[in-house]
Amino acid sequence: MNIKKVVVIGSGTMGSGIAAQIANANIDVTLLDLPSKEGSRNQITENAKERIKKSRPPLLVEKNKAELIKVGNIEDDFNEVAEADWVVEAVVERIDIKHNIYDKIQTTRKNNSIISSNTSTIPLKILSANMSDEMKKNFCITHFFNPVRYMALLEIVTEEVNDIEKINLLKQFCDEKLGKGVIICNDTPGFIGNRIGVYAMQVAMTEAFKMKISIEEADAVFGRPMGIPKTGIFGLYDLIGIDLMADVLKSFIKELPKEDPFHEVAQEIPLVTKLIETGYTGRKGKGGFYRMNKSDGKKILEAINLETGEYHPSQKINLAMGDKIDINKLIQRKDKYGEYAKSILTKVIRYAAYLIPDVSSKYIDIDDALRLGFNWTVGPFEMLSKIDTKNFIDQNNDINFFKDLKGVFEFHKRPGYLDSSVDNLRSLNLQKTFENPSANIKNASSYQVVEFTTKANALDTDSMLALKEAAQNNKSTIVINDAMQFSAGVNLNYVMEFAKNNEWSKIEKFIIDFQQTCKTIKYADKPFIAAPSGLAIGGGFEVVLHCDYNVAHTNVVLGLVESLVGLIPAGGGCKEMLWRWLQTPEGKENSEHASMKVFDLIGYAITATSPNEALPNQFFLEKDKVVINRDRQLSTAIDLLNNIEGGYEKPSQPKFNLGGSAVRDKMFEKLEALYNENKILDHGLEVGKQIAFVLSGGNTNIDNELSEDDLYNLELEAFMRLIQMPKTQERIKHTLETGKPLVN
C-alpha cells in the first residue's frame, strides 16, 4: 500500500498546517470542515486555504502547491474519505465530536486505510474506545508540532493492537515524504516531547522563584549556554501564552498519577495567576513577564520582578560564556548561575530517566523529542554525557534507569528513528582534524566536513581559514552543520569594530581574504558541496554560490541581503549571480537582461524561503538537490559525491561582456523612479547606484571582456565606498541593535 491521497478533517491551525505539508510533498490532499452557514458551503475551508497561501512564514514551499489542496465540507464531501489512504482527524479537542467523526469514518473508509488523530491531550484508548477491531488496528495518534512545516518532530502514539506494518508504513512516509523525525510513543499523558519539555520549563521557572533569580538571569542561563533556544524560559512562556501554559499544566495535573514528580513543579503560582487575570498573557496580550513600554517617545523592553510584581527596564546579562555550549563549565560555576543551572539539569535528567520505560524504552527517543520538538541542541541524556556522568549516576541510583546502568553510561547520538544506512552529523563520530574559534574540519574516509560554529554561524577570518584549509586537503568537502542556521552572513560586529577605529585597510584585507577563499573553494581539485538549512544569506549564500552543488533542506532561506544594511555583496555574490543569469537563454541572448535581473534581486534583497522559490531566481539550479528531512541531508550529499567524484572537473573561469553605462543608465532610471515615489530614500539611492556600477561592469562596454577578478575588484571598490559612509554605519548599527533594517 502506498499513501497517494490524504484527507484532513479540521481546517484550524494544525489541520491546515498538516494539509500544507502534505501538499509540499506533492501528495493530493482534501481539507474538510463544517459546512458554512454564510457564503459558499465550503467557505470555512476556502478561507483556510487562503490563509495557507498568505501565511508568514510560508507553510507552502511554493504557492502553486496550493493546487494540490482540495477543499470541502463534512456533509457534502465526506465520500472523499472512501478514496483516502490516510485520514487525519484534527478537530477540536472534544471527545464527543471526535467520536462522531470516527463513526462516520468507520462506515465510509476503505479497508486498510490508516486513520489518525492529531490530538495532544486525549489518550489513544479513549479515542479508539468505540471503534471496530479492524479500525483499531489501523488507528493511531499522529501528534504534529506547530508550525508543521518547520517543526521536525512527529510523535506517533500506538497501542498493542496496532498493525505494525501499517505503523511502519506511516512512519516511513512521514520521515521520507513529510520530512519528520518520527518517534513511536507509548500512550501516556503528553507523550514524550510535551511531557518532558513542559516539565523542564516548569523546573526552570519554579527554581528561579525559589532561588530569587531574575527573569533576565534565568533566561540567560536556561538558554544558549545549555543548548536551549535564546528565548529562555520566561521569554518562551510569553511567546506560547501564559494562559495557554496554565491550561496545559491543569491537563497534566488531572492526567498524571499523584506520585509523578511533575506535580511538584506544576502548582499554581500567585504571580502567574495575577498576570492572567489582568490580561498580561504574554506577547498576544498586554505583555507578560516582559512587556514593551514607552519612555520619552522610545520603546523600552521591561521585565517583571518575580518578588514584587513591578516592572523595570530589562537588563542584559553577560555570563561570559561565549557562544559555545559548555554545560559542564556552566554547572561548575561557583555562583548563583551555576547553582541554578545545576538544579535544573539534575531535575530534568532525573525526570527523563524516571519516565523510562513508561513513555519509551529508548533514551534516545527522549533526546530526539526535545531536539526536534523544542529546538534543544542537546537533550537530557546528551547533557548527562557531558558532565561527571559516573558521579551523577551514583548519586541518583534511586531511579531504576540509573540503577540498571551500574555506573556506566555510553551515549549514542544516532537519532532513533533513522535507518542504520542513513548517516547524519549526529550519528557519525568524525574526528576533528582542524579547529579554530569559528569553524572545524572533520574527517571521514572518502570526504571531509566543514562546520561553522559561531553564533548564527556568522563568518569571520577564522571561518575563511577553515574553508581554505579544507580546499588544500585534496579531499571532497561537504559544508554543513547541525545548528539552526547555515550562516546568517558576515559577522557585522567584526566589521564594525574596524569601522569605529577607521581601520579601513583591515576591512579591505578581510574582504579580499573572503574573495580569495570563495575563489579557492570554487577551483579546488576536489568538489565542494554546500548543505544549507535555515538561513544561508549574505556572505553565507556567497559560500553556497561558490560550491559545486547545493544540497538544500526544504526550509532553507537563500538570498543576498546586503543592501538592507547599506552594503553590496562583495564575496563574489554579484559576480556569481551575474554568471548564472548569463547562462540562461535570455542572458545568452542579451547580457542586459542578466544585469537587470540581478540588479533587482540584490537591490530589493530578495530571498527565497525554499529551493522551489529559489529556482526561478537562479539561487538554486536544476543540478542541485532538495532534501525534505534535514537528518537525511548529509547522506544525500555523500551519495552525490559518490556519483560525481570519479568524473569531476573543476569549473572553467568565466568571462563577462557587460553593457557598462548603457545598462547602468536604465538602472539609474529605475532608482530615480523609486526615489521620486519615496520607496527609497537618500542612502537607498546611493546603495542602488553602487550596485548598478558593479552589475553593469563599471567603465566597460559590451565589446570589452571582463575577467572574474575584474568583477571581484568592482565588488571590493563598491563595498569600501559604502562601508565608509556614515549612513551605512547607521544602518548596520540599527540592525545589530534591533534585528530590523533601517530605511534612511
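Since every read-out is calculated from the coordinates, none of them should be taken as a lab result. All values derive from a computational prediction rather than experimental measurement. Methodologically, a virtual Cβ is constructed for each residue, glycine included, from the backbone with ideal geometry; neighbour enumeration extends over all protein chains shown.
Details
- Residue list for region 618-627, restricted to those being in contact with a strand residue (DSSP E or B) (Cβ under 8 Å, 6 or more places away or on another chain) and surrounded by fewer than 21 Cβ atoms within 10 Å (Cβ to Cβ): 621, 623, 624, 625, 626
- The number of residues in region 731-744 being part of a helix (DSSP H, G or I), under 19 Å from residue 682 (Cβ atoms) and touching a residue at least 60 places away in the same chain (Cβ under 8 Å) comes to 4.
- Selection from region 511-532 of residues that are under 28 Å from the mean Cα position of the chain (by Cα), among the small types (Gly, Ala, Ser) and assigned to a loop (DSSP other than H, G, I, E, B): 531
- Residue 551 vs. criteria farther than 17 Å from residue 637 by Cα and either more than 26 Å from the chain's Cα centre (by Cα) or not hydroxyl-bearing (Ser, Thr, Tyr) (or both): no
- Residues located in region 258-288, provided they are within 23 Å of residue 126 (Cβ to Cβ), free of Cβ contacts under 8 Å to residues at least 40 places away in the same chain and in contact with a helix residue (DSSP H, G or I) (Cβ under 9 Å, 6 or more places away or on another chain): 260, 263
- Taking the numbered list (1) surrounded by fewer than 20 Cβ atoms within 10 Å (Cβ to Cβ); (2) closer than 18 Å to residue 12 by Cβ; (3) not aromatic (Phe, Trp, Tyr) in turn, residue 129 passes all entries but (2).
- Out of 508, 562, one residue alone is touching a residue at least 24 places away in the same chain (Cβ under 8 Å), surrounded by 22 or more Cβ atoms within 10 Å (Cβ to Cβ) and more than 18 Å from the chain's Cα centre (by Cα). It is 562.
- Filter result (within 17 Å of residue 198 (Cβ to Cβ) and assigned to a loop (DSSP other than H, G, I, E, B)) within region 361-403: 375, 376, 379
- When residue 492 is tested against (1) in contact with a Ser or Thr (Cβ under 8 Å, 6 or more places away or on another chain); (2) surrounded by 22 or more Cβ atoms within 10 Å (Cβ to Cβ), just one condition goes unmet, and that condition is (2).
- Filter pass, residue 116 being closer than 30 Å to residue 612 by Cα and among the hydroxyl-bearing types (Ser, Thr, Tyr): yes
- Candidates 190, 181: the one that is on the phi > 0 side of the Ramachandran plot and either under 29 Å from the mean Cα position of the chain (by Cα) or free of Cβ contacts under 8 Å to residues at least 24 places away in the same chain (or both) is 190.
- Residues of region 567-600 satisfying the condition of being surrounded by fewer than 24 Cβ atoms within 10 Å (Cβ to Cβ) and under 22 Å from residue 62 (Cα atoms): 580, 581, 584, 597, 600
Quick grid of which residues meet (1) touching a helix residue (DSSP H, G or I) at 6+ places or on another chain (Cβ under 7 Å); (2) closer than 27 Å to residue 262 by Cβ; (3) among the aromatic types (Phe, Trp, Tyr); (4) in a loop (DSSP other than H, G, I, E, B):
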| residue | (1), (2), (3), (4) |
| --- | --- |
| 156 | yes, yes, no, no |
| 161 | yes, no, no, yes |
| 169 | no, no, no, no |
| 173 | no, no, yes, no |
| 191 | no, yes, yes, yes |
